[in-house]
1. Select from the range B:422-452 the residues that are among the polar types (S, T, N, Q), part of a loop (DSSP other than H, G, I, E, B) and more than 14 Å from chain A (Cβ to nearest Cβ) and list them in ascending order.
2. Kindly indicate whether B:A191 is of a type outside the set (D, E, K, R), under 24 Å from the mean Cα position of the chain (by Cα) and open to solvent by less than 10 Å² (accessible area, probe 1.4 Å).
3. Can you name the condition, by its number, that A:E374 falls short on among (1) of a type outside the set (A, V, I, L, M, F, W, C); (2) modelled with pLDDT under 95; (3) buried (at least 23 other Cβ atoms within 10 Å of the Cβ)?
4. State whether the residues of the range A:194-204 include one that is within 22 Å of the chain's Cα centre (by Cα), more than 17 Å from A:H237 (Cβ to Cβ) and either surrounded by fewer than 18 Cβ atoms within 10 Å (Cβ to Cβ) or not assigned by TED's automatic domain parsing to the domain that holds A:G265 (or both).
5. Residues B:A385, B:A293: which one is part of a loop (DSSP other than H, G, I, E, B) and either more than 19 Å from B:L408 (Cβ to Cβ) or more than 14 Å from every other protein chain (Cβ to nearest Cβ) (or both)?
6. So for the range A:77-91 (the condition being within 18 Å of A:H237 (Cα to Cα) and either within 14 Å of chain B (Cβ to nearest Cβ) or in contact (Cβ under 8 Å) with a residue 40 or more places away in the chain (or both)), does at least one residue qualify?
7. Is it true that some residue in the range B:47-61 is open to solvent by less than 20 Å² (accessible area, probe 1.4 Å) and in a loop (DSSP other than H, G, I, E, B)?
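The values are calculated or read from the model by the stated rules, or taken from the named source; none is laboratory data. Given the structure is predicted, the values throughout are model-derived calculations rather than measurements. Here the Cβ positions follow ideal geometry from the backbone for every residue, glycine too, while neighbour counts run over all protein chains shown. Just the protein is used for accessible areas: all its heavy atoms, side chains included, with ligands, DNA and RNA removed. Shrake-Rupley method; radii C 1.70, N 1.55, O 1.52, S 1.80 Å.
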Number of protein chains: 2
Amino acid sequence: MRITLQDKDLPDSWYNIYPDLEFTVPPPLGAHGFSLKYDDLEPLASDSIIRQELEQEEQEIVIPKPLRDLYSEYRPTPLFRAERLEKELDSPARIFYKYEGSSPSGSYEFNTAIAQAYYASQYKDSGITCLVTASGNGEWGVSTAIACNFFNLQCKIYMVKSAYEDKVFGRYLMELLGAEVIPSPSTITNAGRKILARDPDCSGSLGIALGEAYEEAFSRADTKFAWGTVMNHVLLHQTLIGLESRAQLKRVNADPDICIATVGGGSGFGGLIFPFYKKRKRDTRFIAVETAAAPSLSKGRYTWDYTDTEKMGPMLKMYTLGHSFVPPGIRAGGMRYHGISPVISTLFREQVIEAKICTQRQAFDAAITFSRTEGYVPSPESAYAIKAVIDEAMICKQENKRKNILFLLSTNSNLDITAFRDFLAGSIEDQHAQDSQINKAMEDLPQISQDKV
Amino acid sequence: MRITLQDKDLPDSWYNIYPDLEFTVPPPLGAHGFSLKYDDLEPLASDSIIRQELEQEEQEIVIPKPLRDLYSEYRPTPLFRAERLEKELDSPARIFYKYEGSSPSGSYEFNTAIAQAYYASQYKDSGITCLVTASGNGEWGVSTAIACNFFNLQCKIYMVKSAYEDKVFGRYLMELLGAEVIPSPSTITNAGRKILARDPDCSGSLGIALGEAYEEAFSRADTKFAWGTVMNHVLLHQTLIGLESRAQLKRVNADPDICIATVGGGSGFGGLIFPFYKKRKRDTRFIAVETAAAPSLSKGRYTWDYTDTEKMGPMLKMYTLGHSFVPPGIRAGGMRYHGISPVISTLFREQVIEAKICTQRQAFDAAITFSRTEGYVPSPESAYAIKAVIDEAMICKQENKRKNILFLLSTNSNLDITAFRDFLAGSIEDQHAQDSQINKAMEDLPQISQDKV
């Protein structure tokens, strides 16, 4: 069953969770080790984005009219009740999923890409002509490429070299869309050259690609950086997901007992759950599903850390495996990130949310059950959430409880069908982050003196 | 701009064009050479499908409630006004596109797959447990696989061997969905064995795969055949496309001056234009876009011919390049078919519709312009329609006329992103059907004595 909203029900504003938080979120720090100020971000982002990043008072941030018109080309997105999956599981649970796979890029990430491109385009008079970013598999890069086209901005993407060479569909799609795609580490930036000098065969990482893209934005007046996750303004833009879901569930008189999403950096998860935060029931559960290959919440340390390997960007107080931690290779490249958004980290520390670890084989197995019943094939990333959903639905069955489970199907499978082929052929192994590797990465954490904050 | 409809605006009925036709469409013939009767189709299709295939009186065929509920999971689909493309072309034309890429399979073909699976499932008591079909690239096979899952039917797909080996994404997706995918020609059927005996290295064709699937349906009481195009009931199911488009254009007070769609067998094109047929203005143009590799309307003969290479299925009076014609290889595999639906063929003969030939390089070039302005990446097949749209919009510009152009974006790019990579790399050549090959295939046409019909 598809639960739709009318065009007029598209939210007018994003929801800023800060004024409603019962906890303090430690501020980001600049390279100087002090709380990050407007000026620190100025080389990286446009004025409006910086204001949104730092905004802690306003609860509703109005979406500008031209941007809302673009959102209305693909939003409100559908909310589905997964009745065929419920029947297959023979569970009394009611399972709902918010489907973001119908965006132009096939991913929820378009929600923030289009906002960042819009704001950048507002400063063309000051010479901004280009957005630069970093991408793993390519979902984020494809979203950014489409968004840049809508506003006649150039788009430059540092793509993790191993993905550039192996997971080529994202790259093909970005190039078809006219973006410049550069395998990272590259010889274009100082960061890239330094790494290649150390290790000419380096296959790259998201942390390295981020460092290169930061450097490019810092060094060029015509270029701003586009963030795919972790930062406050990204989570702000993604709250459209939860705002619409709330209105859609209201249409069928369902209050969610359990909200579930995959976490990489936390933007999809935050976007889904924030609008349910303030009026949550005492027993509402928010479950962030992590990959066993990079379980930042479950196995990381809560501390200040860099967002990129090269220590170019801001430091955030978050659960982190350490910016130098390199997770084992898994198919859901977007989940191979060492940290988690500061707000999500705070909510986890305060026990508002739970974390759950799944392996990739568990995730693929769940995704196949879902695809064969519901018809939509999820990305490997979204598959993790489905594993947790099925587990919860089976507990409902054991306990004979009719709970409402809401989850985010964030991205469709377009860019990684071969992952499923490999899984069915038995050639995908589970990958676990090694404690020894995590402990080693912890040695590289920055030493922050609390009195500077 | 997205023009939506509400859930309640989903059509209650399909539109059957027969009662409104001002021309006679010659009936299909059975292998016996006489007009096809109910009994001839009985081994291939379920009762309701045969009735729909032969129905010529009823204008509105009511959609059964459970099927309409499934349609409502993804329909009404959006109609977009391509304002960014209009601006890019600097044309006064208003360009609208009906987007079917958001169906569960990413293709319009799901509209008929789900109907055929529904009707087959109504005869489970008589032992029907399986649908069999043939697929080229895989879009149709993926649609059928999802539809079968919705009704707990088995799904068996004879896939053209060259596509099975080269265009593997469709195959991976069908297998992930639990379908049995068999490279054709196979050793399972008599037809396949006969061909392999002649040519062990035969890479297959849609005509051969159809022959194998027909044979399987004929020989098994538990199995029915699912048609992807050409047949009346398939075009009937696809009229949802045009019915919704008509209602959506009405919302913005736009009457189409030109309707454009790609033709392979004609089901997408028919589905789009039929609902506009009866009340068309004198100067409304319907343009069917063919590939230069298989221009059935433009270069074929209007005569009875078999639908498959092995002469297992019915004969249709249609524009055909000959059932033994093998088109040169192109990336839009679904357009490599030798014939065109009898109704479309009649409308072409009566000059109600026009045909236009495009090459694949022209199509890819147009698709890239479209993708970079509108954000949605079309399948290679849909790209042909876009080439014709851009041509018409440029004529509007030269003549300074504000015409309304409606076209069908039938399928998204999921299964063939590599085609665009190859095009951008310069490794895709135009392919033209050779007159000598067409003439040779004409020698294999069946000889039908008119008095039998």
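1. Residues of the range B:422-452 among the polar types (S, T, N, Q): B:427, B:431, B:434, B:436-437, B:439, B:447, B:449-450.
Applying the additional criterion that residues be part of a loop (DSSP other than H, G, I, E, B) yields B:427, B:431, B:434, B:447, B:449.
Correct list: B:Q431, B:Q434, B:Q447, B:S449.
2. Details: of a type outside the set (D, E, K, R): yes; under 24 Å from the mean Cα position of the chain (by Cα): no; open to solvent by less than 10 Å² (accessible area, probe 1.4 Å): yes.
Considered against the rule, which asks whether it is of a type outside the set (D, E, K, R), under 24 Å from the mean Cα position of the chain (by Cα) and open to solvent by less than 10 Å² (accessible area, probe 1.4 Å), B:A191 comes out as no.
3. Against the list (1) of a type outside the set (A, V, I, L, M, F, W, C); (2) modelled with pLDDT under 95; (3) buried (at least 23 other Cβ atoms within 10 Å of the Cβ), A:E374 comes up short only on (2).
4. Looking only at the range A:194-204, we keep the residues that are within 22 Å of the chain's Cα centre (by Cα), and these are A:204.
Subsequent filtering for residues that are more than 17 Å from A:H237 (Cβ to Cβ) retains A:204.
Subsequent filtering for residues that are either surrounded by fewer than 18 Cβ atoms within 10 Å (Cβ to Cβ) or not assigned by TED's automatic domain parsing to the domain that holds A:G265 (or both) retains A:204.
Yes, the conditions are met somewhere in the range A:194-204.
5. Working: B:A385 fails: part of a loop (DSSP other than H, G, I, E, B).
Just a single option satisfies the conditions, and that option is B:A293.
6. Pass one, the range A:77-91, residues within 18 Å of A:H237 (Cα to Cα): A:77-78.
Restricting the remaining residues to those that are either within 14 Å of chain B (Cβ to nearest Cβ) or in contact (Cβ under 8 Å) with a residue 40 or more places away in the chain (or both) gives A:77-78.
So far as the range A:77-91 goes, yes, one or more of its residues are within 18 Å of A:H237 (Cα to Cα) and either within 14 Å of chain B (Cβ to nearest Cβ) or in contact (Cβ under 8 Å) with a residue 40 or more places away in the chain (or both).
7. No, because not a single residue in the range B:47-61 is open to solvent by less than 20 Å² (accessible area, probe 1.4 Å) and in a loop (DSSP other than H, G, I, E, B).
Table: residues versus (1) modelled with pLDDT under 95; (2) over 22 Å from B:T229 (Cβ atoms).
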| position | (1), (2) |
| --- | --- |
| B:L79 | no, yes |
| B:F96 | no, yes |
| B:Q116 | no, no |
| B:C130 | no, no |
| B:S162 | yes, no |
| B:F169 | yes, no |
| B:Y172 | yes, yes |
